[in-house]
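See structure below.
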Amino acid sequence: MQHGQHKDLEMERIFCQLTDIVDGDAPAFDHDNSKPGAPGLFIIREGEKAYCYVNDCPHIHITLDFVPGRFMNKRAGVIQCANHGARFQIENG
């Protein structure tokens with residue numbers, strides 16, 4: 001691996017069934033109860049695919065959802081930081 005590159009980490013953990021998430025929604029989940037204050041996760045469903053992200057804005061390191069559980073700008077079709085407006089593509093964050 002070259003400097004500046006990272007290997008995507010794949011972990012398997014079942015939070016729910018795909019059919020438990022309404023297409024286009026992004027429910028929040030706790031992910032590490034052993035670390036107080038650890039950021040949670042959210043899972044976005046798009047059709048038969050699901051994308052899981054850490055609920056942490058990479059720019060200012062606060063949660064993305066000002067209103068709990070609201071991560072999406074559905075009109076624009078993107079994840080949006082409610083605190084400062086940064087937008088992220090669903091497919092790659």
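In terms of accessible area, using a 1.4 Å probe and ignoring ligands and nucleic acids, ASP23, ASP30 rank largest first as ASP30, ASP23. Here the extension length gained between LYS35 and ARG75 equals 10.9 nm, from 0.36 nm per residue of separation less the Cα-Cα distance.
Give me the extension gain from ILE14 to VAL67: residue separation times 0.36 nm, minus the current Cα-Cα distance, reported in nm with one decimal.
That works out to 16.6 nm of additional length.
The values are calculated or read from the model by the stated rules, or taken from the named source; none is laboratory data. This is a predicted model, so every value here is computed, not measured. Side chains included, ligands, DNA and RNA excluded: accessible areas come from the protein's heavy atoms. Shrake-Rupley method; radii C 1.70, N 1.55, O 1.52, S 1.80 Å.
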